[in-house]
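Below: the structure, in C-alpha cells.
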Amino acid sequence: MEVALNNSQKFLSKIATNDGHGENSPYFDGWKAYDTNPYHPQNNPTGVIQMGLAENQLCFDLIQEWIEKHPEASICTPEGGFDFREIAIFQDYHGLPKFRMAIANFMSRVRGSRVRFDPNRIVMSGGATGAHETVAFCLANPGEAFLVPTPYYPGFDRDLRWRTGVELLPVVCGSWNNFKVSLAALEEAYEKAKESNIKVKGLLITNPSNPLGTFFDKETLKTLVTFVNDKNIHLICDEIYAGTVTKDNEFISIAEILEESPTICNHDLIHIVYSLSKDMGFPGFRVGIIYSYNDTVVSIARKMSSFGLVSTQTQHMIASMLSDDDFVENFINESRNRLANRHDLFTRELAQVGIGSLKSNAGLFFWMDLRRFLKDATFESEMTFWRIIINEIKLNVSPGSSFHCSEPGWFRVCFANMDDETVTIAVRRIKSFVLKNKLFEIKSKSKKQCWQNNLHLKLSSRRLEDIMSPQYSPLNSPLVRAQT
Ligand SMILES: Cc1ncc(COP(=O)(O)O)c(C=O)c1O
C-alpha cells in the first residue's frame, strides 16, 4: 500500500514507512477507545470494558500459589540466587535443555498425552508472533503467498507479511457451513492465486480458531493435510489455543494426524506454532515455539531465533514450573473448567436477550452473531453498529471485518481477561441496551415455561435505524468527535 510520507520518513526504509503493522485497523482502534476511557469499578465505572483482548487470566491464583511455594524457581530470591550466575551467562540459542524438555512434555500433556514431541525439534521465538515470522522467512520469498481461511487473527497480517514481504490470500469461509474450511474453498483460493501468478507456498490454519473458538475435526484435518501434500506446499498449524478446549471436548492436533497416519503426507511440509501466551496466560513472557517436522527448517529457524530468544531467566522459571507434573495436570484441568464455565455463562446470558453465537468449545472468546441488528448486510453497517457498542454500550468487542470475515455482523467477544464482577457489568450493559431499545421482546407466558422453552424470544421489528436516534448516534459520542 502506498503511504504518504512526511519529511523525516523519506529518509527511512520501505519497511519502516509502510503500513504493514496494521495498527490502523478497527481491531486496534477498539484498543485505543479502551485506552482513552478504561473501565474501573471505582475510579471509572462508566468506562469502556476491554473485551477485545484474548488474554487468559482465569487461573492466576494457581500460578501465584505455585510461585510462592517455589522461590527457588526465580533467580532473584535468596533460594534461587545460587543459580544466578549460570543462568545469567547462558546464551546458547538451542535454549536450556531442561526448558526444551519441559515444553515438549507440556505440549504433549496439553494434547491429552496422545502425541509426543521431540525436545530437539523445539525452537524458541519471541511469542507466537516471532514464531510466525520466522516460519514465513524459512518457507517463502517476498511476493509468495500463504492461504489463510477466514476469519483469521488480524495479527497475521503483521506477523507473516510485514517484514517478510510474503502475501496472505483468503480462503473464504462463512456461516453457511459454520465457517468450516472446505476443499472447494481451498481449491478456489489456490486457483485464484495461480490465475494471478502468485506462487502459493503454504496453508496457515489456527486450530483452535481465533476468532471462532472452534477446532478442526479429524476428517477436515486429513483433508487439509492431503491438500497440501497434493500441491506440495507447507502446512503451518497455529495451535496456541490447544489447552483452552473446554472440558468435555478433545482437541485434535496435527501431530495426532501424523502419528496416527504416518504415510498421509510428507512430514517435511508440517510445522506447528505454539506459545504459552494463551494456554498458560503468559503473553508477557514471550515464550514462542516453532515445532517443525522438517530438519532443515528446525536448523534454519534455530539460527534465526537469535533475533527473538526467550530470556534464560524466563526459561529457567518455566522449566521448573512445567516440570511439576501435578501442578501442570491440575492447572490444565482447572483452566479448561473455568474457561468452559465463563463461556457458558456469557453465551447463556446473551441468549436470554436473543443474541446468538457460533457454537464453540475453545479459545478465550466466542463469535457473536449480530447480523440481525444491522441496517443492511454491509461492512459499513457493521462499523456503525460497532461504534454504538464502543460508545454507548461501552464494550470493546472486535468487529468481524477486522478478522477478514466475509459476512458482516459477526463480532469477537473475549471473556477470559476480566473478573466475575466485570462480567456481570458487561452482561448487564448488553442486556439493558437490547431491552431499552426494544430490540427484543421476551414472550413470557410464565417464568417457568419460559425457561422450559429455552427462552422464547421474539425479534422485534426495531433495528439499527431505530436506535440511530440522536440520543444513540455514535456521532454524538465525545470519542468519535475526537476521532473525526
Ligand atoms: C492465533 C494467534 N496466533 C498468534 C498470536 C500471538 O501470540 P503471542 O502473544 O504468543 O505472540 C495470537 C495472539 O492473540 C493469536 O491469537
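Annotations for the structure displayed:
- Once you reduce segment 343-366 and segment 254-277 to the center of their Cα atoms, the two points are 31 Å from each other.
- Estimated from helices alone, the mean residue ellipticity of the chain at 222 nm is -11500 deg cm²/dmol (sum of -39500 (n - 2.57) over DSSP H runs with n ≥ 4, per residue).
- Rounded to the nearest 20 debye, dipole of the chain from Cβ charges on Lys, Arg, Asp, Glu: 1540
- Two-decimal ratio, segment 72-328, of alpha-carbon radius of gyration to 2.2 N^0.38 Å: 1.02
- When you count the other C-beta atoms within 10 angstrom of each residue and take the mean per peptide, 79-85, 338-344 line up highest first as 338-344, 79-85.
- Net charge over other residues, Cβ less than 13 angstrom from the Cβ of GLY143 (K, R count +1; D, E count -1): +1
- Helix axis angle, 26-36 relative to the chain longest principal axis, alpha carbon, degrees: 80
- Selected from PRO211, GLY126, GLY143, residue furthest toward positive end of dipole (the chain; charges at beta carbon): PRO211
- Only Cα pairs under 8 Å and 6+ residues apart enter the sum, and on that basis the relative contact order of segment 72-328 stands at 27 percent.
- Out-of-range pairs (alpha-carbon distance over 18 Å; input LYS222/LYS278; LYS192/LYS231; LYS180/LYS222; LYS278/LYS431; LYS199/LYS231; LYS359/LYS438): LYS222/LYS278; LYS278/LYS431; LYS359/LYS438
- Cβ-Cβ distance of GLU72 and TRP176, R₀ of 45 Å, FRET efficiency by 1/(1 + (r/R0)^6): the value works out to about 0.25.
- Each principal axis of the chain carries a Cα extent, and these read 65, 59, 55 Å when sorted largest first.
Where a number appears in this text, it was derived from the coordinates with a stated rule and is not lab data. Keep in mind that this is a model prediction, so the values were computed, not measured. Virtual Cβ from ideal backbone geometry, glycine too; neighbours counted across all protein chains shown.
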